[in-house]
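Here's the structure, in structure tokens; my notes come after.
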Amino acid sequence: MSFAKKLLFILALSALISCPVSMRAHAAAKPAASRTAGSAKAAFRAIDLDRFIVQEKKAVGKDKKRIIRMAAPVSFEARMKRNPEEKKMTYVYEVLELSGVKPLPEVKHRMFVESRGRRIIPVYVERRVVDRIGKELTAGSMARFVGYHLYSYGKGPAIMVVDFAAAR
């Protein structure tokens, strides 16, 4: 394990140890990947994406370091800007492993979504959702996305989308 990975692991572990009891309980809960989005929708916290982006950028601060969020379940409305595109993923797997997610989901795609306030962020897309998005959404379509907030960085939250429902 490289020095950077060890440091990241130690920081994540110390954050978990010093975090509030409610967060520790969430982290000890059933791993995110073993839950299905359909059965766990009630457990996904609805967020206002615009406020969430601002909040997470502020949490990261001026030093622009990444903050691991232990795969916190969230749902949000957004407009799909572009279809998922295959992209080499490495950091997402490191975060999923640190979060204790087993088995690891297959994540090879990224897409861009736009909030109601016109903020654009990239999101990771789980493999099994990529085909459905291609069939059910077009660029500009609104949808309710369900996913896991993995970490935050200078551009805002990094979310892995595991399900969605097209807006009617």
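Look through 165, 143, 158 and report the one residue that is touching a residue at least 40 places away in the same chain (Cβ under 8 Å), under 21 Å from residue 43 (Cβ atoms) and surrounded by fewer than 21 Cβ atoms within 10 Å (Cβ to Cβ). Reasoning before the result, please.
On the way: 165 fails: touching a residue at least 40 places away in the same chain (Cβ under 8 Å); 158 fails: surrounded by fewer than 21 Cβ atoms within 10 Å (Cβ to Cβ).
After ruling out the rest, the residue left standing is 143.
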query = When you go through (1) modelled with pLDDT under 85; (2) in contact with a helix residue (DSSP H, G or I) (Cβ under 9 Å, 6 or more places away or on another chain) one by one for residue 28, which number turns out not to apply?
reply = (2)
Number of positions in the stretch 40-67 that are within 30 Å of residue 134 (Cβ to Cβ) and assigned to a strand (DSSP E or B) = 2
ask   = residue 107 passes all but one of (1) under 13 Å from the mean Cα position of the chain (by Cα); (2) farther than 28 Å from residue 54 by Cβ; which number fails?
value = (2)
remark   = Among (1) in a helix (DSSP H, G or I); (2) farther than 27 Å from residue 138 by Cα; (3) in contact with a Leu (Cβ under 9 Å, 6 or more places away or on another chain); (4) of a type in the set (A, V, I, L, M, F, W, C), residue 92 falls short only on (2)
key: Hits in the stretch 77-124 (condition: more than 18 Å from residue 145 (Cβ to Cβ) and among the small types (Gly, Ala, Ser))   = 99, 100
ask   = Among the residues of the stretch 72-79, is any open to solvent by less than 70 Å² (accessible area, probe 1.4 Å), hydroxyl-bearing (Ser, Thr, Tyr) and at pLDDT 90 or above?
value = yes
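The values are calculated or read from the model by the stated rules, or taken from the named source; none is laboratory data. Note that the structure is predicted; figures quoted are calculated from it, not measured. Positions of Cβ are backbone-derived with ideal geometry, glycine not excepted, and every protein chain shown enters the neighbour counts. With ligands, DNA and RNA removed, areas are computed over all heavy atoms of the protein, side chains included. Shrake-Rupley method; radii C 1.70, N 1.55, O 1.52, S 1.80 Å.
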